[in-house]
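The values are calculated or read from the model by the stated rules, or taken from the named source; none is laboratory data. The shown structure was predicted, so the numbers you read here are calculated from the model rather than taken from an experiment. Note that each Cβ is placed from the backbone with ideal geometry, even for glycine, and that neighbours are counted across all protein chains shown. When the accessible area is computed, the model is the full protein with side chains, heavy atoms only, and any ligands, DNA or RNA have been set aside. Shrake-Rupley method; radii C 1.70, N 1.55, O 1.52, S 1.80 Å.
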Amino acid sequence: MLLRPLPLITLLLATTLVQAAPLPVEEAAPGVFVHHGTHKDIDADYGGDICNIGFIVGERGVAVIDTGGSANVGRQLREAIRNVTDKPILYVINTHIHPDHIFGNAAFKQDNPVFVGHEKLAAAMAQRKDAYLRNQSQWVGADAADSEIIPPSLAVKTTHTLDLGGRTLQLTAHPTAHTNNDLSVLDSQSATLWSGDLVFVERTPSVDGDLQGWLNVIDQLRNVNATRVVPGHGPVTADWKTALDNEQRYLAGLLQDIRAAIKAGKTMEQTMETANRGEQGKWALFDIVNRRNVNTVFPALEWE
């Protein structure tokens, strides 16, 4: 039987429906919903869906925490929200600058939320905007068409509390660690800490800020009264202090090995091949990310 091609309008509608399909989310605690990205590196065609993003629902409305690496991922997250609740989206919170966490912001402009971030996030966005937009088509292909960087309209200098109705979110702006604009979110009702990329589970921690500063922030996080942690990457965990132990071990080993290599007169290229090799096999993407970490940390430590 000869099949006639579908009309163009039908094909366009079908494409729209596929693109708008909601992301799968896990209810990690009552009213706390998380979508888990896959462990891929930010590289050609990574697709924009590699980190943990999600939302918290209160009596008054919704706070979104990170939005994914493209407007299309953001739209799918918004559809997931609408599958759960029709309450207004009051806040969109970005935990830091990285493109896999911020490019979905554009999908929420129609909701007129307050965009929230660390006090240094807007400057970081302005500094990296051209490079991120230039690379976005390579990173996410056709989904780059709606790419837009939206800075925070509410900047957090130290701490700030958001009221969702029946639950509050305690926001903390951290000193330079994973980046210079890390923001964590603690939900009062469920004692769930959204750490952003201050905590990695399974995936190799990546350094884009200050290694020693990150180790200091890890010590501070241990004092948070949390029942569970939503890391920037990896599964939600109630055993989050073990996750901090693992991350601290990786970062401390990296610091120790790079310092030793510099003292021994090794080059950065030589150090990339040897630093922290005891951690190989314990983390996803180790070979890619560990080399990149050496590339970031080595020049800074040369001037200690």
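Would you list which aspartates and glutamates come within 20 Å of Lys241, measuring only between C-alpha atoms, while excluding same-chain residues fewer than 8 positions from it?
Hits, sequence-local ones excluded: Asp182, Asp187, Asp197, Glu202, Asp219, Glu279.
Which number do you get for Rg(Cα) / (2.2 N^0.38 Å) in the chain?
Relative to the rule-of-thumb radius for its length, the chain sits at 1.04.
Where does each of 219-227, 284-292 land if you order them by average Cβ count within 10 Å, highest first?
The packing order, highest mean first, is 284-292, 219-227.
Taking the Cα centroid of region 209-246 and of region 153-172, what is the distance between the two, rounded to the nearest whole Å?
Result: 20 Å between the Cα centres.
Can you divide the C-alpha Rg of region 105-152 by 2.2 N^0.38 Å and report the result to two decimal places?
Working it through for region 105-152, the quotient is 1.22.
Excluding ligands, DNA and RNA, what is the solvent-accessible area per residue of region 139-197 at a probe of 1.4 Å, expressed in Å²?
35 Å²
Mind ranking Lys157, Lys241 by accessible surface for me, highest first, 1.4 Å probe?
Sorted descending by solvent-accessible area, the residues read Lys157, Lys241.
Around Gly165, with a cut-off of 14 angstrom between Cβ atoms, what is the net charge of the other residues, counting Lys and Arg +1 and Asp and Glu -1?
After counting each charged neighbour, the total is 0.
Of the heavy-atom accessible surface of the chain (probe 1.4 angstrom), what whole percent is carbon and sulfur?
Carbon and sulfur: 52 percent of the exposed surface of the chain.
With the cut-off at 1.5 for a/c, could you classify region 232-295 from its C-alpha gyration tensor as rounded, prolate or oblate?
Prolate, since a/c reaches 1.5 and a/b exceeds b/c.
Any chance you could give the angle, 0 to 90 degrees and rounded to 10, that helix 211-221 forms with the longest Cα principal axis of the chain?
Value to nearest ten degrees: 70.
Report, in deg cm²/dmol and to the nearest 500, the calculated mean residue ellipticity at 222 nm for the chain, where each DSSP H run with n ≥ 4 adds -39500 (n - 2.57) and the sum is divided by the residue count.
Calculated mean residue ellipticity at 222 nm is -11500 deg cm²/dmol.
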